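Below you'll find the structure, written out as structure tokens, and then a few comments.
The values are calculated or read from the model by the stated rules, or taken from the named source; none is laboratory data. Because the structure is predicted, anything quoted here is derived from the model rather than measured. Backbone-built Cβ (ideal geometry, glycine too); neighbour counts: all protein chains shown.
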Amino acid sequence: MEPCVGEIRVKVRLTNAMDEALARRGRLEDQAVRTYEAEALVDTGAVRSVIPVHVLEQLGVEERGQRVAEYADGRKDSVGVTEPIIFEVLGRDTLEEALVLGDEVLIGQTVLEKLDLFADCQGRRLIPNPAHPDQPVTKVK
């Protein structure tokens, strides 16, 4: 996927996946499930999604390790990677870990691919894959 010229921003709802699993099992009240909503930057040049430390803290997820991140200018740095987070965009959701850095939520290629969403660079928006407008379809082959 080629990076877009100009920004695409989209509303994203992030949910602590462990909280959600406990609520589904009846071990946690639904209102106790920790979430965070943001106008996220869609970064078609990034493979992974990113959340800042304050979002990590609000969601109550922990870092489960470190990964090497390469920035656009070629610098490399070791950054935290989160426990599972549910990313919900345009009514579609997926489970994903995120890198912990920066000061805003970024949506990377893996979330876009798992949600079967395309970047409409000219319209500066995300759209469902026209071949699968009603729900994401995952390629398995």
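Annotations for the structure displayed:
- Residue within region 90-105 that is farther than 26 Å from Val33 by Cβ and in a loop (DSSP other than H, G, I, E, B) present: no
- Tally of residues being in contact (Cβ under 8 Å) with a residue 40 or more places away in the chain, part of a strand (DSSP E or B) and either among the acidic types (Asp, Glu) or out of contact with any helix residue (DSSP H, G or I) (no Cβ under 9 Å at 6 or more places or on another chain) (or both) across region 121-141: 1
- Restricting attention to region 38-66 and to residues that are acidic (Asp, Glu) and more than 11 Å from the chain's Cα centre (by Cα), the residue that is farthest from Leu101 (Cα to Cα) turns out to be Glu39.
- Of all residues in region 1-55, those that are part of a helix (DSSP H, G or I) and either of a type in the set (A, V, I, L, M) or within 26 Å of Val79 (Cα to Cα) (or both) total 11.
- Top-ranked residue in region 1-20 [being farther than 14 Å from Ala40 by Cα and among the β-branched types (Val, Ile, Thr); ranked as modelled with the lowest pLDDT]: Val5
- The listed residue being loosely packed, with under 13 Cβ neighbours inside 10 Å and modelled with pLDDT of 95 or more, out of Gln66, Gln58, Gln31: Gln31
- All positions within region 1-43 that are small (Gly, Ala, Ser) and closer than 23 Å to Val81 by Cα: Ala17, Ala21, Ala38, Ala40
- Any hit, region 16-25, residues being surrounded by 20 or more Cβ atoms within 10 Å (Cβ to Cβ), among the aliphatic types (A, V, I, L, M), over 25 Å from Thr138 (Cα atoms) and without any contact (Cβ under 8 Å) to a residue 40 or more places away in the chain: no
- Residues located in region 72-92, provided they are closer than 20 Å to Val10 by Cβ and either in contact with an Asp or Glu (Cβ under 8 Å, 6 or more places away or on another chain) or crowded, with 19+ Cβ neighbours inside 10 Å (or both): Thr82, Ile85, Ile86, Phe87, Val89, Arg92
- Whichever residue in region 83-120 is in contact with a helix residue (DSSP H, G or I) (Cβ under 6 Å, 6 or more places away or on another chain) and not aliphatic (A, V, I, L, M) and, among such residues, is nearest to Ala69 (Cα to Cα): Glu96
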